[in-house]
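Where a number appears in this text, it was derived from the coordinates with a stated rule and is not lab data. What you see is a predicted model, and the numbers here were worked out from it, not measured in a lab. Quick reminder, even Gly has a Cβ in these numbers, built from the backbone with ideal geometry, and neighbours come from all protein chains shown.
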Amino acid sequence: MDYKTVLTTCAYCGCGCGLYLEVLDGQAIGTIPSKTNPINEGKLCVKGWNIHEFVQHPKRLTKPLMRKNGALVETSWDEALDYTVSRLKEIKEAHGSDSIGFFASAKVTNEENYIIMKFARAAVGTNNVDHCARL
Amino acid sequence: MKEQIQQHVKNLLAEGKIKGFLGLRQQGTDIGPYLFTTADELEDLSLGDRQDPGDSRYPLDKILKRIAHKYPTDTFGVLVRGCDERALRQLFAVSMLHRDRVIPVGFACPSELAEKHQCWKPFPDALVAGEVSPGFAGGEDAVGARLDLLAKLQEWFDTFDTCVKCYGCRNICPVCYCHDCTLEEAALLPTGDIPPANPNFLMTRAMHMVGRSLCVYCGLCEEVCPANIPLKSLYKLVAKVVGQEGTTPEGRAAQQKTSGSGQQAVGSQG
């Protein structure tokens, strides 16, 4: 028997609510809001309360997907990135930088958002960059 | 007080009476549930008082239920306050936990915490540590003018409209145990419109809590509610309407006064 409570931060939005994931024999089985976290003070929203469900969900994406012949198929990072780079270059050449947009995430770190912002503005040359928290 | 609990649990573990002890652990400034399986880990035991008494309470009974469900033949110890022990008894009564396989390790709450939560018995019978205080003696309800539920019904429905549908009150409740929860019934959750209407399930939940005399008035639902809906007050008012006044903190306090069972019972249980 191995029961653990893992203190972590909710990944569903940018608020940063503190919660404990309950892990029983390697399976995430429950979520408990942290009473001592200064942000959420023992409260959570409906998404946060159910965050343990996605961690080991069988439908969770673990590899890049590419649409081939109308169907999404798993592929390697190399192939996915090479394809993305070549297409972005083609689109930029043909239609200009502002024909490309970047969509970042409130669920990742500040640093990762900084990188995508820098990539959009400095590498691609567009101000079309936004993120999911601005719904 | 903590040292007494630590020693008691160490003995239980050393004697092989329990497979683990579900309590609270301090990690830096955080306090959360933890299953202690060795004596060394107990150094970090917390009683759930960070800045104020009882400001870091968790539904340990409910968490234990999940562990015991997978390991039904093992015996576990669990840290309990007065309210936790009441919840434990409710779970025994509905066979969600087996009373022979749970060893409650109890401590008493100070009177300021008892008054804050209107707890009529702020100490468990399985008392291992702490000074017993008399607890809530009844009197004016905190919600005062809103005491008559039916007269103020619209006001309550307006309050229900602030519900953000997080289900936190159900999730945190130590005595909510159903596999199929009525609050997720399609009939209570209107869909299709944007924004969706607020599901009016708070009254349904109140009926479940009170009508079946389940609620132990621990107040965890109020603490978890992001909309600060006074759920405990609602349950008390519903209890009045359905003739279950005796199960409210005021009702229990009055019963204790007439039977004199409060302090005397404590004396005999040391």
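Relative to the Cα centre, the charge distribution of the protein assembly as shown, modelled as +1 at Lys and Arg Cβ and -1 at Asp and Glu Cβ, gives a dipole magnitude of about 600 debye.
Placing +1 on the Cβ of every Lys and Arg and -1 on the Cβ of every Asp and Glu, with no other charges, gives region B:1-113 a dipole of roughly 600 debye about its Cα centre. For each pair in B:70/B:232; A:59/A:118; B:116/B:236, compute the distance between the two Cα atoms and list the pairs where it is over 21 Å. As for pairs spanning more than 21 Å Cα to Cα, those are B:70/B:232; A:59/A:118. Pairs from the list B:10/B:121; A:4/B:19; A:43/B:62 with a Cα-Cα gap above 19 Å: B:10/B:121. Against chain B, whose longest principal axis is taken from its Cα atoms, helix B:249-259 shows a tilt of about 60°. Per-residue shielding of A:37-45, expressed as the average number of other chain Cβ atoms within 10 Å of the residue Cβ, stands at 5. Per-residue shielding of B:216-227, expressed as the average number of other chain Cβ atoms within 10 Å of the residue Cβ, stands at 2. Ranked for footprinting exposure by Cβ neighbours inside 10 Å, fewest first, B:98, B:208 give B:98, B:208. Its Cα centre serving as origin, chain B has a Cβ charge dipole (Lys and Arg +1, Asp and Glu -1) of approximately 720 debye. Spacing of the modelled spin labels on residue A:46 and residue A:13, each 7 Å from Cα toward Cβ, amounts to 1.3 nm. At q = 0.28 Å⁻¹ the log10 of I(q)/I(0) for region A:3-55 amounts to -1.09, computed by Debye summation with a single uniform scatterer per C-alpha, solvent ignored. Straight-line cross-link reach from residue A:35 at under 20 Å between alpha-carbon atoms covers these aspartates and glutamates, not counting any fewer than eight positions away in the same chain: A:22, B:30, B:44, B:49, B:52, B:55, B:61, B:84, B:112, B:222, B:223.
At a Cβ-Cβ separation cutoff of 4.7 angstrom, cysteine residues of chain B with no neighbouring cysteine are B:109, B:119, B:163, B:166, B:178, B:181, B:215, B:225.
Can you give the Kirkwood hydrodynamic radius of chain B from its Cα pairs, in Å with one decimal?
Final number for the Kirkwood radius of chain B is 19.7 Å.
As a ratio to 2.2 N^0.38 Å, the alpha-carbon radius of gyration for chain A is 1.35.
Farthest toward the positive end of the dipole of the protein assembly as shown, out of B:48, A:109, A:77, is the Cα of A:77, where the dipole comes from beta carbon charges about the Cα centre.
Selection among B:177, B:153, B:130 by position relative to the dipole of chain B gives B:177 as farthest towards the positive end (Cβ unit charges, Cα centre). Take every Cα pair under 8 Å in region A:16-135 that's 6+ residues apart, average their separations, divide by the length, and report that relative contact order as a whole percent. Answer for region A:16-135 is 14 percent.
Average partner chain C-beta neighbours within 10 Å, per residue of B:21-32?
Mean partner shielding for this stretch: 3.
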